[in-house]
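Notes for the one structure printed next.
The values are calculated or read from the model by the stated rules, or taken from the named source; none is laboratory data. Keep in mind it's a predicted model, so treat the numbers as computed, not measured. Every residue, glycine as well, gets a Cβ built from its backbone with ideal geometry; the counts of neighbours run over all protein chains shown.
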Amino acid sequence: MNSLQRYQNEIKNGRCLLCNDGTTEFASKTRRVKDRLVGGLSELISDGKYTYQDGAYTKFTLQGNVTLIMNLTSESYQHNKNTLLATTFSERLLQVHHRLTREEKNMWLEKSRKTKSLRYEEKITIDDICLEVSITKKYLERIRAFSRRFSYPTLKTQIGCQDLVTATLCAHAALNNRDEICDDDFTFLRMVEPYLTDPFSSNEGKIVEYYDRGLSYRRICRKLGKTGNYLGQVQRVVDRAALRGVIVKRVKDRGSSLTKKGG
């Protein structure tokens, strides 16, 4: 965070921070520095203000409208999600996942040299987007429905997802230079939805969704094509989702243990 001190004036005017290699960013830091980085970015993104203080020696304030785009490898995401990304940091970001197919890897190898030489004559500037986007009341129910759907695969609360859904709708409208969201923006949301599921934890979202619909642990296992040995995993996912406020556990499931015979 202290490296951003030199950009205080630029941040005041609003900036999107780009971190093309979040894997190296996290791997190269000690736990204390990583905690400060994640905490500082969380404050800056949500509150538009962060004060850095290193004892009595260094103190400065970053203030401005800041967003963030960060790339992580799947391995790094798995390693960090429970120690770093399970904080309020992840609640402020829309996490999308993509697993490259063999065809995509081959295509990348074929076109990598060509893409490195690409140069774009035109760039998107502040004049090309709409700075103020409004949402009419007729879309509020659709936003709530999408927020609930997004909460299952992301294991975030519906309230948190509603902020992300609204921000995504407004951003898409702004990039299309519109001052009001329309049906086309919801089409973009549907395009994003398949990428919300972590390919290495693909059943978690389905488990939470099925439980929220009223299915028992055993029926969830059958739905997923799993045997009774999978009951423990189902309970762990449900417990984690309940702890995060994504769902509310039913009374009969509170304090239950699936390790007991007949559980």
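All told, S216 meets the bar of being free of Cβ contacts under 8 Å to residues at least 12 places away in the same chain and over 21 Å from H98 (Cα atoms). Within region 45-67, residues that are closer than 18 Å to D35 by Cα reach partners that are of a type in the set (G, A, S) with beta carbons closer than 6 Å, at six or more positions or on different chains, in the pairs Y50/G40.
With respect to E121, is the statement that it is at pLDDT 85 or above, under 30 Å from R178 (Cβ atoms) and loosely packed, with under 10 Cβ neighbours inside 10 Å true? For E121, the condition - at pLDDT 85 or above, under 30 Å from R178 (Cβ atoms) and loosely packed, with under 10 Cβ neighbours inside 10 Å - is not met. From the set of residues in region 149-158 that are assigned to a helix (DSSP H, G or I) and either within 17 Å of N203 (Cα to Cα) or at pLDDT 95 or above (or both), which is farthest from the chain's Cα centre (by Cα)? The extreme case among them is R149. Applying the set (1) touching a strand residue (DSSP E or B) at 6+ places or on another chain (Cβ under 6 Å); (2) loosely packed, with under 14 Cβ neighbours inside 10 Å; (3) hydrophobic (A, V, I, L, M, F, W, C) to L68 leaves exactly one unmet item: (2). Residue check: is K49 in contact with a helix residue (DSSP H, G or I) (Cβ under 8 Å, 6 or more places away or on another chain) and closer than 27 Å to H98 by Cβ? Taking the combined requirement at face value, the residue does not satisfy it. Residue-level check: of (1) in contact (Cβ under 8 Å) with a residue 24 or more places away in the chain; (2) on the phi > 0 side of the Ramachandran plot, G225 misses just (1).
Does E132 count as modelled with pLDDT of 90 or more and part of a loop (DSSP other than H, G, I, E, B)? Give the derivation first.
Details: modelled with pLDDT of 90 or more: yes; part of a loop (DSSP other than H, G, I, E, B): yes.
Judged against the criteria, E132 is a match.
Table: residues versus (1) of a type outside the set (F, W, Y); (2) assigned to a helix (DSSP H, G or I); (3) touching a residue at least 12 places away in the same chain (Cβ under 8 Å).
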site	(1), (2), (3)
T115	yes, yes, no
L118	yes, no, no
K138	yes, yes, no
G160	yes, yes, yes
T166	yes, yes, yes
A174	yes, yes, yes
N177	yes, no, yes
P199	yes, no, yes
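Does region 220-233 contain any residue that is under 26 Å from T168 (Cα atoms) and either at pLDDT below 95 or out of contact with any Lys or Arg (no Cβ under 8 Å at 6 or more places or on another chain) (or both)?
At the first step, the residues of region 220-233 found to be under 26 Å from T168 (Cα atoms) are none.
No, region 220-233 contains no residue that is under 26 Å from T168 (Cα atoms) and either at pLDDT below 95 or out of contact with any Lys or Arg (no Cβ under 8 Å at 6 or more places or on another chain) (or both).
Note on region 1-107: no enclosed strands (runs of 3 or more DSSP E) hold 2 or more residues that are in the same structural domain as D163 (by TED's automatic domain parsing) and not β-branched (V, I, T).
How about region 74-85: which of its residues are under 14 Å from the mean Cα position of the chain (by Cα) and surrounded by fewer than 16 Cβ atoms within 10 Å (Cβ to Cβ)? Steps first, answer last, please.
Initial filter on region 74-85 (under 14 Å from the mean Cα position of the chain (by Cα)): 74, 77-78, 80-82, 84-85.
The answer is S74, Q78, N82.
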